[in-house]
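Take a look at the structure set out below.
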Amino acid sequence: MTAEHFSVVERLGGDDFLTRTLGRSFKVARGEAASLAGLMSWDDLNAILTHHRFEPPRFRLAANGEQVPAHTYSRPIITRRSTVWHQLQPSELHKRLAEGATLVLDAIDELHPGIGTLAGQLERWLRTGVQVNLYASWTGTEGFGVHWDDHDVVVVQLDGAKRWRIHGPTRTVPMHRDVETPEPPPEEPVADLVLTAGDVLYLPRGWWHAVAASEGEHSLHVTCGLQSTTGADLITWLSEMLRAHEAVRADIPRFGANETQRAFLDTIGKLIATELESDDLIARFSSARDATERARLAPSLPHITAAPPDADLQVRLVTTRPALAATPDGTVRFTAGGEEWTFAAKAEPMLALLADGEPHRLADLAQAAGITLGQAAGVVTELVDGQAAAIGGPR
């Protein structure tokens with residue numbers, strides 16, 4: 001398996017992982033370093049740091065649970081227009097890292113094509129948003145101490161080795177906005193393990209852990225943070241959907257008699273109960289979440305007006321959870337990135353082909369639908385205008 005074909009889904013176990021592990025327990029999936037060759041390297045990281053301007057907290061150093069002051073490894077640059085940005089000083093950066101700091105770069109999936117592809121795999125599989133952060137360490141100093149995250153994570157060890165001490169949760173599925181704070185974890189971990197290049201770790205939210213490059217070599221890994229989808233999210237969505245009813249939009253009878261208030265609550269309760277008894281409620285909620293997912297930034301320059309009818313034009317979706325459905329009037333409805341389109345039924349094979357997230361030639365899209373290049377280009381133009389698709393190859 002090459003990095004080009006590396007599948008975090010296969011590594012974690014596919015459907016078996018979903019039914020046995022997701023949200024229940026941690027899992028370590030061992031792999032060979034060669035399977036990740038070319039996914040992301042130290043040279044890639046050096047290039048990103050060289051060619052981008054970053055400010056904390058997106059780029060930061062951390063040690064012992066504290067953020068290292070940016071002025072200790074960068075210097076302010078004042079432009080001729082009197083704006084200020086902080087330029088990394090490699091020699092000082094190297095010193096801070098040698099002293100024990102961990103380098104952190106958030107949302108690297110927006111900066112590196114290979115990591116963006118990795119995030120897309122997880123988004124399509126788990127039907128949720130994913131942000132990937134990068135961590136690089138050189139010493140046994142813990143960057144963040146013993147802590148827990150409010151979202152599940154999938155860790156991919158890219159190079160070197162890192163020790164993970166994992167404790168069980170002290171509060172079941174804690175949230176960022178919660179009513180209680182988890183109790184501190186016990187001193188003894190439930191697992192003490194070392195990840196080496198090629199290994200993948202899944203850790204549910206709320207599980208305490210401490211991480212350090214304590215094995216005598218540097219470490220480079222990415223952590224894929226999985227957006228949680230909770231009962232609180234379902235209730236919030238349901239409250240929005242129920243606004244279709246006059247009783248939900250009406251003012252609460254705060255100054256009414258007891259029987260008036262009781263009647264109001266009974267009406268609201270019946271509306272909620274009816275929805276909760278619906279067998280397809282979760283399916284409808286999931287479809288709504290998919291339909292409103294955040295589209296990834298992908299301009300289509302130089303094509304700023306319309307997609308040209310060029311057979312070799314590369315087209316790809318930039319959303320990972322599109323919905324395609326036939327309608328009673330014989331058309332097809334395509335929903336992605338919070339936008340919705342209605343196309344003629346003959347466009348369905350073309351849209352289904354795009355839904356895999358891979359780049360496709362316009363000629364292949366047109367052939368799949370049995371339409372002309374011009375007609376296919378028209379569909380693509382609508383999707384690009386709605387920020388659901390982009391013209392051009394992998395990015």
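Please pick out the residue among T139, T229 that is polar (S, T, N, Q), farther than 22 Å from G65 by Cβ, part of a loop (DSSP other than H, G, I, E, B) and touching a helix residue (DSSP H, G or I) at 6+ places or on another chain (Cβ under 8 Å).
Result: T229 is the single residue among T139, T229 that is polar (S, T, N, Q), farther than 22 Å from G65 by Cβ, part of a loop (DSSP other than H, G, I, E, B) and touching a helix residue (DSSP H, G or I) at 6+ places or on another chain (Cβ under 8 Å).
Restricting to helices (runs of 4 or more DSSP H) lying wholly in region 1-101: which have 3 or more residues that are over 19 Å from T117 (Cβ atoms)?
In region 1-101, 15-20, 42-51, 90-98 are the helices (runs of 4 or more DSSP H) which contain 3 or more residues that are over 19 Å from T117 (Cβ atoms).
Looking only at region 127-178, filter to residues that are basic (K, R) and touching a strand residue (DSSP E or B) at 6+ places or on another chain (Cβ under 9 Å); which one of those is nearest to A33 (Cα to Cα)?
K162
Could you check region 147-167 and list, in sequence order, the residues that are over 19 Å from E217 (Cα atoms) and under 24 Å from the mean Cα position of the chain (by Cα)? Lay out the reasoning, then the answer.
Taking region 147-167 as the starting set, the residues that turn out to be over 19 Å from E217 (Cα atoms) are 147-154, 166-167.
Hits for region 147-167 are H147, W148, D149, D150, H151, D152, V153, V154, I166.
Identify all residues within region 25-51 that are modelled with pLDDT under 95 and open to solvent by 60 Å² or more (accessible area, probe 1.4 Å); write none if there are none.
Once the filter is applied, which keeps residues that are modelled with pLDDT under 95 and open to solvent by 60 Å² or more (accessible area, probe 1.4 Å), region 25-51 yields E32, A34, A37, G38.
Give the residues of region 122-139 that are open to solvent by 50 Å² or more (accessible area, probe 1.4 Å) and over 21 Å from the mean Cα position of the chain (by Cα), sorted by residue number.
W138
Of the numbered conditions (1) surrounded by fewer than 17 Cβ atoms within 10 Å (Cβ to Cβ); (2) under 18 Å from the mean Cα position of the chain (by Cα); (3) among the β-branched types (V, I, T), T83 satisfies every one except a single condition; which is it?
(2)
Might you let me know whether region 93-100 holds any residue that is under 30 Å from V190 (Cα atoms) and under 25 Å from the mean Cα position of the chain (by Cα)?
Looking through region 93-100, none of the residues is under 30 Å from V190 (Cα atoms) and under 25 Å from the mean Cα position of the chain (by Cα).
Please verify whether D192 is closer than 29 Å to A98 by Cα, open to solvent by 50 Å² or more (accessible area, probe 1.4 Å) and at pLDDT 95 or above, treating the condition exactly as stated.
yes
Could you list all residues from region 267-310 that are within 21 Å of the chain's Cα centre (by Cα) and hydroxyl-bearing (S, T, Y)?
Across region 267-310, the qualifying residues are S286, S287, T292.
Every residue in region 327-356 that is open to solvent by less than 60 Å² (accessible area, probe 1.4 Å), out of contact with any Pro (no Cβ under 9 Å at 6 or more places or on another chain) and not polar (S, T, N, Q), please.
G330, V332, G338, W341, F343, A344, A345, A347, P349, M350, A352, L353
Taking only region 102-114 into account, find how many residues are under 26 Å from G145 (Cα atoms) and either at pLDDT below 95 or in a helix (DSSP H, G or I) (or both).
Within region 102-114, residues that are under 26 Å from G145 (Cα atoms) and either at pLDDT below 95 or in a helix (DSSP H, G or I) (or both) number 2.
Here are some conditions: (1) open to solvent by 40 Å² or more (accessible area, probe 1.4 Å); (2) of a type in the set (A, V, I, L, M); (3) farther than 24 Å from D199 by Cβ. L61 meets all but one. Which one does it not meet?
So the condition that L61 fails would be (1).
Across region 195-222, which residue is nearest to V146 (Cα to Cα) among those that are β-branched (V, I, T) and open to solvent by less than 30 Å² (accessible area, probe 1.4 Å)?
Result: V211.
I need the strands (runs of 3 or more DSSP E) fully contained in region 239-355, keeping only those with at least 3 residues that are more than 21 Å from W125 (Cβ to Cβ).
Hits in region 239-355: 331-336, 339-344.
If I ask for residues that are of a type outside the set (A, V, I, L, M, F, W, C) and over 23 Å from the mean Cα position of the chain (by Cα), which ones from region 32-72 would you list? Even if it seems obvious, please write down each step before you answer.
At the first step, the residues of region 32-72 found to be of a type outside the set (A, V, I, L, M, F, W, C) are 32, 35, 38, 41, 43-44, 46, 50-53, 55-58, 60, 64-67, 69, 71-72.
Result: E32, D43, N46, T50, H51, N64, G65, E66, Q67, P69, H71, T72.
Return yes or no: is D178 part of a loop (DSSP other than H, G, I, E, B), open to solvent by less than 60 Å² (accessible area, probe 1.4 Å) and not basic (K, R)? Can you show your working first?
Numbers: part of a loop (DSSP other than H, G, I, E, B): yes; open to solvent by less than 60 Å² (accessible area, probe 1.4 Å): yes; not basic (K, R): yes.
Criteria met by D178.
The values are calculated or read from the model by the stated rules, or taken from the named source; none is laboratory data. Since we're looking at a predicted model, the values are computed, not measured. Because the Cβ atoms are built from the backbone with ideal geometry, glycine has one as well, and the counts that use them run over all protein chains shown. Please note that ligands, DNA and RNA were not included when accessible areas were found on the heavy atoms of the full protein model with its side chains. Shrake-Rupley method; radii C 1.70, N 1.55, O 1.52, S 1.80 Å.
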